[in-house]
Amino acid sequence: MTRTPLIAANWKMNPAPPEAFNPDSAYRPQSGIETIVFPTFLDVRACLEAGLPTGAQYGHPDSTGAHTGDVSMTMIKKTGCQFVLCGHSERRRDHGEKDSDVVAQAESALRNGLHPVICVGETAAERKTKRHKQVVERQVRVLPLREMVTIAYEPVWAIGTGVTPTPEQAQDMHAFIRSLIPEARRETTRILYGGSLTAENAAEFFEQPDIDGGLVGGASLKPDVFRAIVLAAVQTKS
Ligand code: PGA
């Protein structure tokens, strides 16, 4: 069973790189690979209008209501987005999102016809004390894995730090996550690696059999670097 590689750009709280809108930009759909951009809400419409496969960085599980500052999955879907990030570690950290909130988001996304890209991953302290698998298992087991979702394994200590696990350590975790997925979806669910991916290290991660692409933060803001990461995925996975 082959899984189409996926490279997702998480632009976080940064403006969309203007080059993304160029006709030949690497953020555009291309053959043999899927790409997604996750801009801020303010840039979502421009990305959609430019024909970029676009997702929101967060969606509230309720469809409407008294939640100042939030945008619902229902609204995100209506805008024309197809994807939404759920449970990114920065949301878990900055907004106190718990596993149960992440599940509510993922379920709401699915109910609304959005494809959730759900982030999991341990902290440095959890890896140091060898609890990383236990933590990731807790985060993964509660997810709606009977539905088609994408999981992004992002060790918190690798995000924005320039430090990464070895490709073998990442593969070990990806294989473990895959073993937790119900059999009917095990071979078709994509599991992305995220955390300090660069043009230099991307290929060695993508060479691992259970790593189906990447969720790219900082490097995705640099169009040439993003292009190189996309190319690394095309070359290693074809
Ligand atoms: P990074 O971020 O690539 O800048 O480490 C990844 C992420 O947070 O999704």
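The values are calculated or read from the model by the stated rules, or taken from the named source; none is laboratory data. Nothing here was measured: the structure is a model prediction, and the numbers come from that model. So basically every Cβ, Gly included, is an ideal-geometry build from the backbone, and we count neighbours across all protein chains shown. Heavy atoms of the whole protein, side chains included, go into the accessibility calculation; ligands, DNA and RNA do not. Shrake-Rupley method; radii C 1.70, N 1.55, O 1.52, S 1.80 Å.
Okay, here's what the table says:
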{"quantity": "Considering residues of region 137-162 that are among the hydrophobic types (A, V, I, L, M, F, W, C) and within 16 Å of the ligand (Cβ to nearest atom) only, the residue farthest from the chain's Cα centre (by Cα)", "calculated": "Trp157"}
{"quantity": "Selected residue (only one of Thr129, Thr188 is away from the ligand (no atom under 16 Å from the Cβ), touching a residue at least 40 places away in the same chain (Cβ under 8 Å) and surrounded by fewer than 20 Cβ atoms within 10 Å (Cβ to Cβ))", "calculated": "Thr188"}
{"quantity": "The one condition in (1) touching an Asp or Glu at 6+ places or on another chain (Cβ under 8 Å); (2) without any contact (Cβ under 8 Å) to a residue 24 or more places away in the chain; (3) under 25 Å from Ser63 (Cα atoms) that Gly96 fails to fulfil", "calculated": "(1)"}
{"quantity": "Subset of region 214-231 (residues that are open to solvent by less than 10 Å² (accessible area, probe 1.4 Å) and either over 14 Å from Phe38 (Cβ atoms) or away from the ligand (no atom under 14 Å from the Cβ) (or both))", "calculated": "Ile229, Val230"}
{"quantity": "Looking only at region 62-85, and only at residues there that are more than 16 Å from the ligand (Cβ to nearest atom) and buried (at least 21 other Cβ atoms within 10 Å of the Cβ), the one that is farthest from Val149 (Cα to Cα)", "calculated": "Ile76"}
{"quantity": "Hits in region 207-231 (condition: touching a strand residue (DSSP E or B) at 6+ places or on another chain (Cβ under 7 Å) and at negative phi)", "calculated": "Asp210, Ile211, Asp212, Gly214, Leu215, Val216, Gly217, Ser220, Phe226, Ile229, Val230"}
{"quantity": "Boolean, Gly195 is in contact with an Asp or Glu (Cβ under 6 Å, 6 or more places away or on another chain) and under 14 Å from Ala170 (Cβ atoms)", "calculated": "yes"}
{"quantity": "Search result, residues across region 86-101 that are on the phi < 0 side of the Ramachandran plot, outside any helix (DSSP H, G or I) and surrounded by 16 or more Cβ atoms within 10 Å (Cβ to Cβ)", "calculated": "Cys86, His88, Glu97"}
{"quantity": "Failed item, numbered, when Ser196 is tested on (1) at negative phi; (2) surrounded by 19 or more Cβ atoms within 10 Å (Cβ to Cβ)", "calculated": "(1)"}
{"quantity": "Residue list for region 199-213, restricted to those being in contact (Cβ under 8 Å) with a residue 24 or more places away in the chain, open to solvent by 30 Å² or more (accessible area, probe 1.4 Å) and within 14 Å of the ligand (Cβ to nearest atom)", "calculated": "Ala199"}
{"quantity": "Enumeration of residues in region 26-38 that are part of a loop (DSSP other than H, G, I, E, B), open to solvent by 10 Å² or more (accessible area, probe 1.4 Å) and either touching a residue at least 12 places away in the same chain (Cβ under 8 Å) or not small (Gly, Ala, Ser) (or both)", "calculated": "Arg28, Pro29, Gly32"}
{"quantity": "For Gly160: the one exception among (1) at negative phi; (2) in contact (Cβ under 8 Å) with a residue 12 or more places away in the chain; (3) not polar (S, T, N, Q)", "calculated": "(1)"}
